[in-house]
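S.K.: Structure below; questions to follow.
The values are calculated or read from the model by the stated rules, or taken from the named source; none is laboratory data. A quick note: this is a predicted structure, and the numbers were derived from the prediction, not measured. Neighbour counts are summed over all protein chains in view; Cβ atoms, including those assigned to glycine, are modelled from backbone coordinates with ideal geometry. Please note that ligands, DNA and RNA were not included when accessible areas were found on the heavy atoms of the full protein model with its side chains. Shrake-Rupley method; radii C 1.70, N 1.55, O 1.52, S 1.80 Å.
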Amino acid sequence: MGYHFKHAKSLKWRQIAWNGVRFDAPMDWDIGKIGHRYLLLETPGGPVMEVKWAPVKGKFSPRTQLKQLAASLGRQLRRGLREERLPADWARLLVRYDSLGFAWQTDSIGGRGAVLYCPGCRKAVLLQFFETAGQRPLPQAGRVLATFDDHTEGRKTLWSVFDIVAEVPVTYHLKRFRFEAGAYELSFANRQSQLTLQRWGPAAVLLKDGGLEGFEQRCLGLSANRSVTFKKRSPLTVELAGGPPSGLFPRLYRRLQRHPFYHCLRLWHEVDKNRILGVRLEGRQPIEAEVLDGICKTYATV
């Protein structure tokens, strides 16, 4: 049975990108669960797609991965899990990977997917689409697979989930994240510095008392640090920066300080979206303005 794009072309789509993996998904597929290397997409009718990935250090065996999947399933699903040849359309789209197809079925729901391995980047991916009794197979699967990629292009990694989009230098690695009502935060680190992307809303409520400066004082408090000063102050943007004291003392200060002591924070108000965005860089070396500017230019709410 072919996996055609005819129905999928009439849908509205968006790009999802998370920790090195990206693909197109229909607008009505929402992220139901998210982990460091895990995404579960769902609609009001239930789950529609699951993808998990990880680097491979030793020898890779797709059947071992499939056995691990089976071990994580309930007894009923474990009995129904089977290897299955990939549909021809899928096989053409995934030709760049070493792949093993699988499927499973219960009375109410089933799944069809593939274990993928890229010898170039040594990354393993387990991807599956869920199927209800009246919808087999998902017509959208073809486009999802056609746009699926587990490689980072160039010097930046794309991040696009929920209503935020950003491009982050590849040297930064995700350390932690939180997505709560009204507040998102992604924290990254490399050898030189720590990077935090933040998003708050609704801005109309949060900025009532004192605008961006008042919001920063109440919620972040970086301006309370005596070494921090405002570099920009306007109704739509504020920027703060700070470092160690000047003179001979900073040498001793650097040796004793275990925490980052160069700070840079930029907050701005996305009026049309009713959101506040923030980018914060901290490190033991001076923050390069070009790095901050480059991240802020690509960071947006959609």
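S.K.: Could you grab me the full set of residues in the stretch 203-218 that are of a type in the set (Phe, Trp, Tyr) and outside any helix (DSSP H, G or I)? Spell out the reasoning first.
M.R.: From the stretch 203-218, those of a type in the set (Phe, Trp, Tyr) are 215; that's our starting set.
Those that are of a type in the set (Phe, Trp, Tyr) and outside any helix (DSSP H, G or I): none in the stretch 203-218.
S.K.: From the list 187, 193, 160, which one is at pLDDT below 95 and out of contact with any Cys (no Cβ under 6 Å at 6 or more places or on another chain)? Give the derivation first.
M.R.: Numbers: 187 fails: at pLDDT below 95; 160 fails: at pLDDT below 95.
Matching residue, one of 187, 193, 160: 193.
S.K.: Would you mind telling me which numbered condition in (1) touching a residue at least 12 places away in the same chain (Cβ under 8 Å); (2) basic (Lys, Arg); (3) open to solvent by 20 Å² or more (accessible area, probe 1.4 Å); (4) closer than 30 Å to residue 264 by Cα residue 178 fails?
M.R.: (1)
S.K.: Here is a further query. For residues that are among the hydrophobic types (A, V, I, L, M, F, W, C) and part of a strand (DSSP E or B), scanning just the stretch 268-302, find the one that is nearest to the chain's Cα centre (by Cα).
M.R.: Residues of the stretch 268-302 that are among the hydrophobic types (A, V, I, L, M, F, W, C), as a first pass: 268, 271, 276-277, 279, 281, 287, 289, 291-292, 295-296, 300, 302.
If we keep only those that are part of a strand (DSSP E or B) too, we end up with 268, 276-277, 279, 281, 300.
Values: 268: 21, 276: 19, 277: 16, 279: 16, 281: 19, 300: 14 Å.
Step by step, filter the stretch 268-302, then rank; the result is 300.
S.K.: Restricting the search to the stretch 185-202, which residues are in a loop (DSSP other than H, G, I, E, B) and either more than 27 Å from the chain's Cα centre (by Cα) or touching a residue at least 60 places away in the same chain (Cβ under 8 Å) (or both)? So that I can check it myself, show each step before the final result.
M.R.: Within the stretch 185-202, the subset in a loop (DSSP other than H, G, I, E, B) is 190-192, 201-202.
Correct list: 192, 201, 202.
S.K.: In this structure, does residue 148 turn out to be out of contact with any Lys or Arg (no Cβ under 7 Å at 6 or more places or on another chain), surrounded by 14 or more Cβ atoms within 10 Å (Cβ to Cβ), of a type in the set (Phe, Trp, Tyr) and at pLDDT 95 or above?
M.R.: Spelling it out, residue 148 is indeed out of contact with any Lys or Arg (no Cβ under 7 Å at 6 or more places or on another chain), surrounded by 14 or more Cβ atoms within 10 Å (Cβ to Cβ), of a type in the set (Phe, Trp, Tyr) and at pLDDT 95 or above.
S.K.: Residues of the stretch 235-267 being at pLDDT 90 or above and either among the small types (Gly, Ala, Ser) or not in a strand (DSSP E or B) (or both), which ones?
M.R.: 235, 236, 241
S.K.: Continuing with the same structure: Just checking, how many residues over the stretch 116-133 are over 21 Å from the mean Cα position of the chain (by Cα) and of a type in the set (A, V, I, L, M)? Break it down into steps so the answer makes sense when it comes.
M.R.: First, the residues of the stretch 116-133 that are over 21 Å from the mean Cα position of the chain (by Cα): 119-120, 130-133.
So of that shortlist, the ones also of a type in the set (A, V, I, L, M) come out as 133.
Adding up the residues that qualify gives 1.
S.K.: So which of 86, 127 ends up being in contact (Cβ under 8 Å) with a residue 12 or more places away in the chain and open to solvent by 20 Å² or more (accessible area, probe 1.4 Å)? Even if it seems obvious, please write down each step before you answer.
M.R.: Working: 127 fails: open to solvent by 20 Å² or more (accessible area, probe 1.4 Å).
Unique residue meeting the criteria: 86.
S.K.: Considering only the stretch 220-234, state which residues are among the hydrophobic types (A, V, I, L, M, F, W, C), modelled with pLDDT under 90 and either within 19 Å of residue 206 (Cα to Cα) or not in a strand (DSSP E or B) (or both).
M.R.: Step one: filter the stretch 220-234 for residues among the hydrophobic types (A, V, I, L, M, F, W, C), giving 220, 222, 224, 228, 230.
Adding the requirement that they be modelled with pLDDT under 90 leaves 222, 224, 228, 230.
Of everything in the stretch 220-234, those that are among the hydrophobic types (A, V, I, L, M, F, W, C), modelled with pLDDT under 90 and either within 19 Å of residue 206 (Cα to Cα) or not in a strand (DSSP E or B) (or both) turn out to be 222, 224.
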